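Heads up, the thing below is written out as structure tokens.
The values are calculated or read from the model by the stated rules, or taken from the named source; none is laboratory data. In this text the structure is predicted, and so the values were computed from the model without any measurement. Note: ideal-geometry Cβ built from the backbone for every residue, glycine included; neighbour counts use all protein chains shown.
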Amino acid sequence: MAGPMNEAPLVEMRALTKHFGRPPMLVHAVENVSFSVNRGEVVGLVGESGSGKSTIGRLILRAIDVTSGSIVFDGTPIEAMSQRALRPLRRRMQMVFQDPYASLNPRLRVSDIIGEAIDAHGLARGAARAARIAELLNIVGLEAGHAGRFPHEFSGGQRQRIGIARALAVEPDLIIADEPVSALDVSVQAQVLNLLQDLRLRFGMAMLFISHDLDVIRLICDRIVVLYLGRIMEIGPAESVCGSPAHPYTQALLAAVPRPDPDRPRIRRMLHGEIPSPLSPPSGCVFRTRCPYALEACASAVPPLRDLGDGRVIACVRDDIEFDVPV
Ligand SMILES: Nc1ncnc2c1ncn2[C@@H]1O[C@H](COP(=O)(O)OP(=O)(O)O)[C@@H](O)[C@H]1O
Ligand code: SF4
Ligand SMILES: [Mg+2]
């Protein structure tokens, strides 16, 4: 659901790079990452643990500083903005965290958890504030009468709903949801995903949806960005990335997803071996140590993003691979 063609992206990363520490313990967490999220669009960020997904989320929120590169939010570069100058923008980006137990202050009542967000930006007071809290609880499928309860009185799924209500309280333009359902039981995951989908249709906010699980991502996202060791491997519309994955790494990720029907054609090229250390990523294509198609040339230069036409780009030097994998 991208906006009109002439509309600038809501948030755009340009050559975003983040290193932690210093040599010889320099962690290459995010390397030269460029992509955008349009207004009202849901973009999925997928990759194995340690691929740099959360780091990108924290960079956008300016919870950590960039090493280099740029983040443009609604036309304004924010990577070097002072925390003070950021304040008005803060309201427009909200986070939903993975762990609904750790992310809610156990000593605060639900009304205070949601109220904090309302107060921080001076959005409502008195009766209007209470009414807004009741409304938000309703929106996320909880009872307004539960406003006086503490987090421990709720299930994991309900707590995640409280976290979502807190994010919605300030009517953000962008929600960054970092593994929002990964800590929940599978049955509850679907409910929370449905809620996020409903909210997105109802309020039209954009979302950066972070998950290691391509099966979760494909349910909710318009576009998918596939990360490996801090680098983009593939970007494209969700249907094409999941339906006919073009990059060998995306193919391997999809092959790793268990399929209920054992007779369905399966990708033979499974991921083997461990993800290399981000302290010393492989030269050239970072995926080459696990790639079944790797050539000698893959070690010499980082593959540039290549446009495949259908809204898709991949970082792979080979154009002679039969990407015929039925998924
Ligand atoms: N504050 C930090 N200090 C040092 N290394 C970090 C820090 N935060 C993340 N990293 C490292 O950066 C890499 C990317 O981490 P992260 O963004 O959390 O990955 P993901 O969310 O995809 O699992 C990992 O190797 C992780 O250990
Ligand atoms: S550039 Fe080479 S190693 Fe990297 S994904 Fe393509 S074929 Fe594999
Ligand atoms: Mg993470």
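When the range 287-309 is filtered for residues that are under 24 Å from S49 (Cβ atoms) and in contact (Cβ under 8 Å) with a residue 60 or more places away in the chain, the ones remaining, listed by number, are V302, L305. If you take the residues of the range 51-103 that are modelled with pLDDT under 95 and assigned to a loop (DSSP other than H, G, I, E, B), which of them is farthest from ligand 3 (Cβ to nearest atom)? Out of the qualifying residues, it is R91. Checked against (1) at pLDDT 95 or above; (2) β-branched (V, I, T); (3) not in a strand (DSSP E or B), V226 passes all but condition (3).
Of note, I164 does not satisfy the criterion of being over 20 Å from F209 (Cβ atoms), hydrophobic (A, V, I, L, M, F, W, C), in contact (Cβ under 8 Å) with a residue 24 or more places away in the chain and assigned to a helix (DSSP H, G or I). The residue that is farthest from F35 (Cα to Cα), among those in the range 229-255 that are touching a Lys or Arg at 6+ places or on another chain (Cβ under 8 Å), among the small types (G, A, S) and modelled with pLDDT under 95, is A255. Out of P281, P304, one residue alone is part of a loop (DSSP other than H, G, I, E, B), surrounded by 15 or more Cβ atoms within 10 Å (Cβ to Cβ) and modelled with pLDDT of 95 or more. It is P281. For the range 256-274, the set of residues classified as at pLDDT 75 or above and within 14 Å of ligand 2 (Cβ to nearest atom) consists of L271, H272, G273, listed by residue number.
I'd like to verify a number: residues in the range 19-37 that are in contact (Cβ under 8 Å) with a residue 60 or more places away in the chain and of a type in the set (G, A, S), how many? Residues that pass the stated criteria total 2. Look at the range 205-216: where a residue is of a type in the set (S, T, N, Q) and a partner is within 15 Å of ligand 3 (Cβ to nearest atom), sitting 6+ places away or on another chain with Cβ atoms under 7 Å, you get S211/G44; S211/V46; S211/E179; S211/S182; S211/I217. Kindly establish whether T76 is touching a His at 6+ places or on another chain (Cβ under 9 Å) and among the hydroxyl-bearing types (S, T, Y). No.
So G115 ticks every box in (1) in contact with a helix residue (DSSP H, G or I) (Cβ under 7 Å, 6 or more places away or on another chain); (2) within 16 Å of ligand 1 (Cβ to nearest atom) but one. Which box is left unticked? Result: G115 passes all but (2).
Taking the criterion of being within 16 Å of ligand 1 (Cβ to nearest atom) and in contact with a helix residue (DSSP H, G or I) (Cβ under 9 Å, 6 or more places away or on another chain), the residues of the range 52-94 that qualify are L61, R62, A63, I64, D65, V66, G69, I71. State which residue pairs qualify: first residue touching a residue at least 40 places away in the same chain (Cβ under 8 Å) and more than 15 Å from I175 (Cβ to Cβ) and inside the range 38-65, second residue in a loop (DSSP other than H, G, I, E, B) and of a type in the set (A, V, I, L, M, F, W, C) in any location, beta carbons under 6 Å apart, and separation of 6 or more residues or different chains. Once the first residue is touching a residue at least 40 places away in the same chain (Cβ under 8 Å) and more than 15 Å from I175 (Cβ to Cβ) and sits in the range 38-65, its partners that are in a loop (DSSP other than H, G, I, E, B) and of a type in the set (A, V, I, L, M, F, W, C) give E48/I275; L59/V66. The listed residues are L219, L253, L199, and the only one of them that is more than 30 Å from L142 (Cβ to Cβ) and part of a helix (DSSP H, G or I) turns out to be L253. Restricting the range 23-50 to residues that are among the polar types (S, T, N, Q) and either within 16 Å of M93 (Cα to Cα) or in a loop (DSSP other than H, G, I, E, B) (or both), the residue that is farthest from ligand 2 (Cβ to nearest atom) is N38.
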